[in-house]
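The values are calculated or read from the model by the stated rules, or taken from the named source; none is laboratory data. This structure is a prediction, so every number in the text was calculated from the model and none was measured. Reconstructed Cβ throughout: ideal geometry from the backbone, glycine too, with neighbour counts over all protein chains shown. Surface accessibility is based on the protein's heavy atoms, side chains included, excluding ligands, DNA and RNA. Shrake-Rupley method; radii C 1.70, N 1.55, O 1.52, S 1.80 Å.
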Amino acid sequence: MLKVIFKIGFKIIGWVFMIVIGLFLFKIALWLGLIVVAIAGVALFGNATT
């Protein structure tokens, strides 16, 4: 019985861990994307004005 509970608990912890890591990576990717877009925008705008 204890083994089953431990297995289920471990599975739940694993899922939560995966979701947290997934969200964290998604957030980093989103921020990197925004930074790249901002840099590209500034570079294009700077080239267009000069």
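Which residue out of Gly33, Gly46 is surrounded by 10 or more Cβ atoms within 10 Å (Cβ to Cβ), assigned to a helix (DSSP H, G or I) and not β-branched (Val, Ile, Thr)? Answer to the check: Gly33. Restricting Phe26, Phe6, Phe17 to those that are open to solvent by 80 Å² or more (accessible area, probe 1.4 Å), part of a helix (DSSP H, G or I) and either of a type in the set (D, E, K, R) or at pLDDT below 95 (or both) reduces the list to Phe6.
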